[in-house]
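Novice: This structure is in structure tokens; I'll ask about it shortly.
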Amino acid sequence: MVGIFSISPLKSDCLLEKTFNNNQISLHIEYNNTKIGLSEYYNNIIETKHKDFETIIFCHHDVSLRYTNFGSIQEGLEKYDVVGVAGGLNPQIIEKNLWHWMMQKEDYRGIAGHTADSSSMFVTSFGPTPSRVAVLDGVFLALNSQEVYRSLARFDQNFKWHHYDIDFSLTCNVKKLKLGVWPVLIQHDSPGLRDLNDKERNRSNEYFIRKWKK
């Protein structure tokens, strides 16, 4: 079985739920959330739902999966333990860390769809897909739930909203899990990082550097 899990600060009716139309897959959205961080929520799902769902998908609430081929995701999880849509190779810990800042463009992998207007989207090609990667973007993560559970790879709950994905990716590498991008089409309705000087993000970045800088 496949379960999709997301948290949303909205009271109801997020894009993920509004556009989801696959009755073969179980969708779970924690609404009205402003306190529980992504890492805490995701860890709880891994611990409590790994027996119920062979595949666990973590997805942002502002994503549409209208065009997503879930059968293809299952193919990806036969090759990799964790599958995403975008990421890359050879990350370096730098002053300000986002996955696409931490590596050279030739090491980018994957694709992602972004909202253009109310009736269309555009697709960004970062690089080849499918492909093995070292780091995945957290907008969409599909996990082989049993392998991840057994490995003890977990999200660091010091990261609430930022860096949780690159930290988890690096942890998976340490735990010998295989990460890959797969040609999965999603539509992300987000402008991205709004403020490079956000205090919470900067605190998260400082902790990330202390944790991983060798």
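Novice: For the list (1) in contact with a helix residue (DSSP H, G or I) (Cβ under 7 Å, 6 or more places away or on another chain); (2) under 24 Å from Lys51 (Cα atoms); (3) buried (at least 17 other Cβ atoms within 10 Å of the Cβ), I need the number of the one condition that Pro130 fails.
Specialist: The one condition Pro130 does not meet is (2).
Novice: Also, quick follow-up: Filter the stretch 27-81 for residues that are among the acidic types (Asp, Glu), within 18 Å of Gly138 (Cβ to Cβ) and not in a loop (DSSP other than H, G, I, E, B) and give the result. Walk me through it before giving the result.
Specialist: Just the residues of the stretch 27-81 that are among the acidic types (Asp, Glu), to begin with: 30, 40, 47, 52, 54, 62, 75, 78, 81.
Subsequent filtering for residues that are within 18 Å of Gly138 (Cβ to Cβ) retains 30, 40, 62, 81.
Scanning the stretch 27-81 gives Glu30, Glu40.
Novice: If we scan the stretch 40-49, do we find a residue that is surrounded by fewer than 17 Cβ atoms within 10 Å (Cβ to Cβ), touching a helix residue (DSSP H, G or I) at 6+ places or on another chain (Cβ under 8 Å) and at pLDDT 95 or above?
Specialist: Scanning the stretch 40-49, I find at least one residue that is surrounded by fewer than 17 Cβ atoms within 10 Å (Cβ to Cβ), touching a helix residue (DSSP H, G or I) at 6+ places or on another chain (Cβ under 8 Å) and at pLDDT 95 or above, so the answer is yes.
Novice: Could you tell me whether the stretch 95-117 includes any residue that is among the hydrophobic types (A, V, I, L, M, F, W, C) and in contact with a helix residue (DSSP H, G or I) (Cβ under 6 Å, 6 or more places away or on another chain)? Break it down into steps so the answer makes sense when it comes.
Specialist: Taking the stretch 95-117 as the starting set, the residues that turn out to be among the hydrophobic types (A, V, I, L, M, F, W, C) are 98-99, 101-103, 111-112, 116.
Right, trim to in contact with a helix residue (DSSP H, G or I) (Cβ under 6 Å, 6 or more places away or on another chain) and you get 99.
Yes: the stretch 95-117 contains one or more residues that are among the hydrophobic types (A, V, I, L, M, F, W, C) and in contact with a helix residue (DSSP H, G or I) (Cβ under 6 Å, 6 or more places away or on another chain).
Novice: Of all the residues that make up the stretch 105-125, how many are outside any strand (DSSP E or B) and surrounded by fewer than 11 Cβ atoms within 10 Å (Cβ to Cβ)?
Specialist: 4
Novice: Can you find, within the stretch 50-74, the residue that is nearest to Val123 (Cα to Cα) among those that are over 15 Å from the mean Cα position of the chain (by Cα), surrounded by 15 or more Cβ atoms within 10 Å (Cβ to Cβ) and among the charged types (D, E, K, R)?
Specialist: That would be Arg66.
Novice: Looking at Trp182, Trp161, Trp212, which is the one that is exposed (fewer than 14 other Cβ atoms within 10 Å of the Cβ) and touching a Leu at 6+ places or on another chain (Cβ under 9 Å)?
Specialist: Working: Trp182 fails: exposed (fewer than 14 other Cβ atoms within 10 Å of the Cβ); Trp212 fails: exposed (fewer than 14 other Cβ atoms within 10 Å of the Cβ).
None of the others qualify; the one that does is Trp161.
Novice: Only one of (1) of a type in the set (Lys, Arg); (2) in contact with a helix residue (DSSP H, G or I) (Cβ under 9 Å, 6 or more places away or on another chain); (3) under 21 Å from Ile186 (Cβ atoms) is not met by Arg66, so which one is it?
Specialist: That leaves (2) as the condition not met.
Novice: Regarding Leu98, is this residue within 15 Å of the chain's Cα centre (by Cα), in contact (Cβ under 8 Å) with a residue 40 or more places away in the chain and at negative phi? First the steps, then the outcome.
Specialist: Numbers: within 15 Å of the chain's Cα centre (by Cα): yes; in contact (Cβ under 8 Å) with a residue 40 or more places away in the chain: yes; at negative phi: yes.
Here the answer is yes, as Leu98 does meet what is asked.
The values are calculated or read from the model by the stated rules, or taken from the named source; none is laboratory data. All values reported here derive from a predicted model rather than from experimental measurement. Every residue, glycine among them, receives a Cβ derived from its backbone with ideal geometry; neighbour counts consider all protein chains shown.
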